[in-house]
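Colleague: Handing you a structure now.
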Amino acid sequence: MSTAPSTAAVNTLDPIALLRRLVAIDSINPDLVPGAAGEGEIAAWCAAWLHDWGFDVSMLEERPGRPSVVGVKRGTGAGRSLMLNGHLDTVGVASYQGDPFSGELRDGRVFGRGAFDMKGGVAAILVAAARASARQLSGDVIVTLVADEEFGSLGTEEVLRSVEADAAVIVEPSGLELTLAHRGFAWFELELRGVAAHGSQPERGVDAIAHAALVMRALDELRTRLESAALHPTLGHGTVRVSMISGGEDAATVADTCTLTLERRMLPGQSPEHVEAELRRVLEHLASTVSGFTYTLTCLVARAAFEANPEWPVVQALAGNAARILGATPVVRGEPFWTDAGLVLEAGIPCLVFGVDGGGAHADVEWAEAASVVALTDILEGTITEFCR
């Protein structure tokens, strides 16, 4: 066991030393934990590191205290540009066992909050970009280290308003497997409005909670239809569920309101507009068949699903370099959760997700497998060199 190295000790191209230093910097997302450190310190540290290795560096900070870093190493001008995207923020540490910022290297693992999700990927990006761009490539190497992926993705959204690239790799942890698809999601607030009445005479009111039960039954039917559709090769089925519910004033009064939060996880080809219209059809059917059924449906946030074309040059380049480094063709997978790859693809940039192995994302102990960080670094270096050649 050893402690994390000092800043002076990591101005090198050793991804493990770099990862351990990054873990030692508190970068908890303040939208998740009010008053938390945010990305300011870690963004400044990474910006200085990139500057030392010859990158043109800029900081984007539309929201004060939530900076993202863009580092560019210009090529000769005749090649393709590649963006390497990773996020700097982490979730909280209230339940973390031990020191969440230790960066301890033990039994081939680096421990600490964010080691797996996703400072291992950030360390690999930095080292791979510095190594590859030292070869005087034809295309530009673009490093984007963003704020707020764990909450609202404001960092990647801000970056995409000013940065263009021919392709991108998002290094969310994937166990060194090619993630070529992930589900999208949409969260809705459904307000049901009834009429209050004394509990001894419920027939004089309209029970919003009873109507909520009808909604939940209808959503069960929708879920059955989703599960009867053809399986996506890596993502399976879409899902729908009620995640929160509240209603009623007291034990003796018919509830005049009931509010439900709905979550819909969607597949490629199912847009946020499509799933909202699907829910509205369910609710309109209830409104037309149930006396007094009145509702308001509000979309809180929606992100489309992501799916890469296996024939894209960036996918082919990364898959080939992964096979070379790992000694076997990498596994192709899909993720049930959403990543910033969805935003990158929406911006018209072909991309995929590929990252380190480890465990404990958002859990009480988190780690990255050190060997996977080294392998990812080598794979990214080869991919940059091939794609930007």
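Colleague: Residues that are closer than 26 Å to L19 by Cα and out of contact with any Pro (no Cβ under 9 Å at 6 or more places or on another chain): list the strands (runs of 3 or more DSSP E) wholly contained in segment 140-210 that include at least 2 such residues.
Modeller: Because the criterion is at least 2 residues that are closer than 26 Å to L19 by Cα and out of contact with any Pro (no Cβ under 9 Å at 6 or more places or on another chain), the strands (runs of 3 or more DSSP E) in segment 140-210 that meet it are 141-146, 167-170.
A quick yes/no check of all residues on (1) buried (at least 20 other Cβ atoms within 10 Å of the Cβ); (2) more than 21 Å from the chain's Cα centre (by Cα):
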| position | (1), (2) |
| --- | --- |
| L13 | no, yes |
| S68 | yes, no |
| G75 | yes, yes |
| H87 | yes, no |
| G120 | yes, no |
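Colleague: Condition first: in a strand (DSSP E or B) and of a type in the set (G, A, S). Now tell me which residues in segment 322-362 satisfy that.
Modeller: Selection gives G334, G358, G359.
Colleague: Moving to a separate point now. Every residue in segment 336-372 that is acidic (D, E) and in contact with a helix residue (DSSP H, G or I) (Cβ under 9 Å, 6 or more places away or on another chain), please.
Modeller: D340, E346, D357, E366, E369
Colleague: Looking at segment 288-310, which of its residues are closer than 18 Å to T257 by Cβ, open to solvent by 40 Å² or more (accessible area, probe 1.4 Å) and either modelled with pLDDT under 95 or among the hydrophobic types (A, V, I, L, M, F, W, C) (or both)?
Modeller: If the condition is that a residue be closer than 18 Å to T257 by Cβ, open to solvent by 40 Å² or more (accessible area, probe 1.4 Å) and either modelled with pLDDT under 95 or among the hydrophobic types (A, V, I, L, M, F, W, C) (or both), then L300 is the only one that fits.
Colleague: Pick out the one residue from V373, V365 that is in a helix (DSSP H, G or I) and either at pLDDT 95 or above or at negative phi (or both).
Modeller: V373
Colleague: Applying the selection to segment 234-267, what residues are part of a loop (DSSP other than H, G, I, E, B) and either open to solvent by 40 Å² or more (accessible area, probe 1.4 Å) or farther than 11 Å from A186 by Cβ (or both)?
Modeller: T234, L235, H237, G248, E249, D250, A251, A252, V254, A255, D256, L267
Colleague: Do you know which residues across segment 353-371 are among the small types (G, A, S) and touching a strand residue (DSSP E or B) at 6+ places or on another chain (Cβ under 7 Å)?
Modeller: If the condition is that a residue be among the small types (G, A, S) and touching a strand residue (DSSP E or B) at 6+ places or on another chain (Cβ under 7 Å), then G358, G359, G360, A368, A370 are the ones that fit.
Colleague: Given G92, G77, which one is part of a loop (DSSP other than H, G, I, E, B), in contact (Cβ under 8 Å) with a residue 24 or more places away in the chain, touching a strand residue (DSSP E or B) at 6+ places or on another chain (Cβ under 6 Å) and more than 17 Å from E172 (Cβ to Cβ)?
Modeller: Going through G92, G77 in turn, the sole match is G92.
Colleague: Select from segment 348-362 the residues that are in contact (Cβ under 8 Å) with a residue 40 or more places away in the chain and of a type in the set (G, A, S) and write down the one among them that is farthest from E311 (Cα to Cα).
Modeller: Ranking the candidates gives G360 first.
Colleague: May I pose another question? Only one residue in A319, A323 is at pLDDT 95 or above, crowded, with 17+ Cβ neighbours inside 10 Å and small (G, A, S), so which one is that?
Modeller: Just a single option satisfies the conditions, and that option is A319.
Colleague: Could you tell me which of the residues A132, A147 is touching a helix residue (DSSP H, G or I) at 6+ places or on another chain (Cβ under 8 Å) and over 15 Å from D340 (Cβ atoms)?
Modeller: Answer to the selection: A132.
The values are calculated or read from the model by the stated rules, or taken from the named source; none is laboratory data. In this text, all values refer to a predicted model and were calculated from it rather than measured experimentally. As a convention, Cβ positions derive from the backbone with ideal geometry for all residues, glycine included, and neighbour counts pool all protein chains shown. We work out accessible area using only protein heavy atoms, side chains counted, and drop any ligands, DNA or RNA first. Shrake-Rupley method; radii C 1.70, N 1.55, O 1.52, S 1.80 Å.
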